[in-house]
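The values are calculated or read from the model by the stated rules, or taken from the named source; none is laboratory data. Nothing here was measured: the structure is a model prediction, and the numbers come from that model. Every residue, glycine as well, gets a Cβ built from its backbone with ideal geometry; the counts of neighbours run over all protein chains shown. In case anyone asks, the SASA skips ligands and DNA or RNA and just uses the protein heavy atoms, side chains included. Shrake-Rupley method; radii C 1.70, N 1.55, O 1.52, S 1.80 Å.
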Amino acid sequence: MDTELGWLPKAHYSSSYEMSTHGDDPITYNVQYETKEHGFRQWGDVNSSKPKFLFIGDSYVQAVEVSNDKTFFYHVGDSLNLEVFAFGQAGYGTLQQKMILEKYLPLIKPDLIVLQTCDNDFVDNFAPLEYNSKYKVGLRRPYYDMEGNIDYRKPVPKWKEVVDKSKFLGLLRKKIENTFKGKDEKSAQDLMFELEEAYPPYASSLQITDKLMSEIKSLAGDIPIVAFSASPFEPQLTAFKELSESSGIPFDDGIGKEIQRLSWHKKKVYSQDGYHWSEKGHRKVSKLLIAYLYKQGIASKPIEQ
């Protein structure tokens, strides 16, 4: 846990375990998960003469599903002869990613920033969406408002946050809610899909995320920055592309969609949870990302698909 960011990956941590691919006839493989300085999954040489790429995102960059040398950013760095820095933390929203950038940009001084986004970032960026969501971290975290203020809170209504300070009352509250909660009650994801911007919490999150993306672009200054989505879900994918590009950040909306398409053809690109990438998925993402960087005039040549 962290007072400023909510939570952080531990630095210099390692763990070995088995992981398997998603779907029929899963393939099991070994994972050697390691973190480096400051909890980064990959921490290069800040004084290197090679081009330095900084990758930042959530669980897709943290990538607990694969070993360090199987991550997409490792493959990108190896293919393009780069010095790679990669920070990811499961459950992080755009504000937390911006705070990481503020902290480490002066130290790393990268030549390119690659921002990985996900459909659930909108949930992570606005507490009322998170506490009505199927997916939720549920931990105390920083939230942004339209005035640029940071408010630390758990993603529950204020009265619930007060009640939950007591373990007994918090447990009682949850039991009562679970007893009387309607089976047909719609989640934030359902309402975002059905109503889009007509759903007020989603509309508010769009505004806050727009502000954050503009501030990330301003924070980068003269450093080139690109973004891509790890997930294919609408309407969030199109919204992120529009917000990113309106902030001056080129956005690739094809990677998440292509990985999903490959999974429909029974390619083992997802790990056992059916969302995060397997070793094969990370390798494919690296190829897709390099091809996109080539189109943007950043990579010297595309990698063979």
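Summary table
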read-out: For Arg283, solvent-accessible area (1.4 Å; no DNA, RNA or ligand), Å²; value: 80
read-out: Along the chain, longest interval not containing exposed GluC sites (Glu not before Pro), exposed being DSSP loop plus at most 14 other Cβ atoms within 10 Å; value: 5-146
read-out: Ala299 long-range amide H proximity, modeled H, under 5 Å; value: Tyr294
read-out: Shape call, the range 191-260: gyration tensor on alpha carbons, a/c limit 1.5; value: oblate
read-out: Computed [θ] at 222 nm, helices only, for the chain once each DSSP H run of length n ≥ 4 contributes -39500 (n - 2.57); value: -12000 deg cm²/dmol
read-out: Accessible area of Asp151 in the full protein assembly, 1.4 Å probe (Å², nearest 10); value: 70
read-out: Length added when fully stretched, Ala203-Leu139, from 0.36 nm per residue minus Cα-Cα; value: 20.8 nm
read-out: Which listed pairs, of Lys70/Lys154; Lys109/Lys267; Lys136/Lys241; Lys211/Lys267; Lys36/Lys217, have C-alpha distances above 32 Å, in listed order; value: Lys70/Lys154; Lys109/Lys267; Lys211/Lys267
read-out: From phi via Karplus (6.51, -1.76, 1.60), per-residue ³J(HN,Hα) for the range 67-82 in Hz, x at Gly/Pro; value: 5, 4, 7, 10, 6, 5, 6, 5, 4, 4, x, 5, 5, 9, 6, 10
read-out: Placed amide H near Ile225: partners under 5 Å, 5+ positions off or other chain; value: Ile113
read-out: Cα gyration tensor shape for the range 1-93, rounded if a/c is under 1.5, else prolate or oblate; value: oblate
read-out: Cross-link reach list, aspartates and glutamates versus Lys103, counting only Cα pairs under 15 Å and skipping chain neighbours closer than eight places; value: Asp2, Glu4, Glu37, Glu215
read-out: Student exercise, the chain dipole from Lys, Arg, Asp, Glu Cβ charges, in Debye to nearest 20; value: 680
read-out: From the coordinates shown, semi-axes √(5λ) of the Cα gyration tensor in Å corresponds to which of (1) 34, 21, 19; (2) 31, 23, 20; (3) 38, 29, 18; value: (2)
read-out: Carbon/sulfur fraction of accessible area - the chain, other protein chains in place, 1.4 Å, %; value: 51
read-out: Heavy-atom accessible area per residue - the chain, 1.4 Å, Å²; value: 49
read-out: Potential extension, Lys257-Ser214 segment - 0.36 nm per residue separation minus Cα distance; value: 13.0 nm
